[in-house]
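Trainee: Sharing a structure below in structure tokens format, with a few things to ask.
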Amino acid sequence: MTIPIVNSTEVEDPVIAQVSLDIRLRTSSFIDFSTVIKALLHLDISGESWTYNVQHLSITVTKELFLVAAIPRRDMFADIDSAQRTSILVTIIFAILMLAVFVVVIVAVTLPIRKLTTEMEKVAGFDFSLLRQGFFEENSVFSEIRDVQVAFNALVKTLAGAVSPRSRTREVSSSMF
């Protein structure tokens with residue numbers, strides 16, 4: 001849109017009138033006007049944000065023209081605003097997915113460890129019911145935890161074998177006395 005700098009009372013278009021008034025308010029002298037020419041300016045017209053620029057054109061030595069281009073902010077930055085909304089949405093979705101992965105990994109690590117802890121407490125009390133049920137399940141998806149489960153099964157088997165003959169010996173010896 002090309003906007004002539006006119007007296008704001010002479011035009012009916014609110015954009016032209018507001019831009020002209022804004023330029024007049026910003027420039028009290030020709031020196032001030034040179035700073036207006038170098039910048040993108042913003043103003044609010046009827047609740048809508050507009051960006052405009054002023055360009056100086058010398059037609060002749062005595063005749064000067066100022067070209068003013070104004071555009072609504074939503075039109076000027078539509079692609080940028082859309083990209084910003086998209087990147088925020090992608091970030092939120094990515095954060096939710098990472099949270100879900102985090103929860104799954106935490107559960108996959110803690111459940112086998114809790115189960116192993118419970119069985120260790122039973123073995124500490126000389127409860128070898130684990131041997132009657134079969135060995136402790138070695139089903140962790142993490143090889144480190146699976147290695148601990150294998151070592152625990154070997155420990156239980158060895159400990160049960162060592163405790164059983166001694167307890168029989170104790171029972172026999174205590175019944176003799």
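The values are calculated or read from the model by the stated rules, or taken from the named source; none is laboratory data. Everything quoted here is computed from the prediction, not taken from an experiment. Please note: Cβ atoms are built from the backbone with ideal geometry, for glycine as well, and neighbour counts cover all protein chains shown. Note: areas computed on protein heavy atoms with side chains; ligands, DNA, RNA excluded. Shrake-Rupley method; radii C 1.70, N 1.55, O 1.52, S 1.80 Å.
Trainee: Looking at (1) closer than 14 Å to PHE152 by Cα; (2) under 18 Å from the mean Cα position of the chain (by Cα), find the lone condition where LYS122 falls short.
Mentor: (2)
Trainee: Of (1) closer than 30 Å to ILE45 by Cβ; (2) open to solvent by 60 Å² or more (accessible area, probe 1.4 Å), PHE142 satisfies all except one. Which?
Mentor: Of (1) closer than 30 Å to ILE45 by Cβ; (2) open to solvent by 60 Å² or more (accessible area, probe 1.4 Å), only one is false for PHE142: (1).
Trainee: If LYS63 satisfies all but one of (1) open to solvent by 90 Å² or more (accessible area, probe 1.4 Å); (2) under 30 Å from ASN139 (Cβ atoms), what's the number of the condition it fails?
Mentor: LYS63 satisfies all of (1) open to solvent by 90 Å² or more (accessible area, probe 1.4 Å); (2) under 30 Å from ASN139 (Cβ atoms) except (2).
Trainee: Need the failing condition index for VAL90 against (1) surrounded by 11 or more Cβ atoms within 10 Å (Cβ to Cβ); (2) of a type in the set (A, V, I, L, M, F, W, C); (3) at pLDDT 70 or above; (4) in a helix (DSSP H, G or I), just the number.
Mentor: (1)
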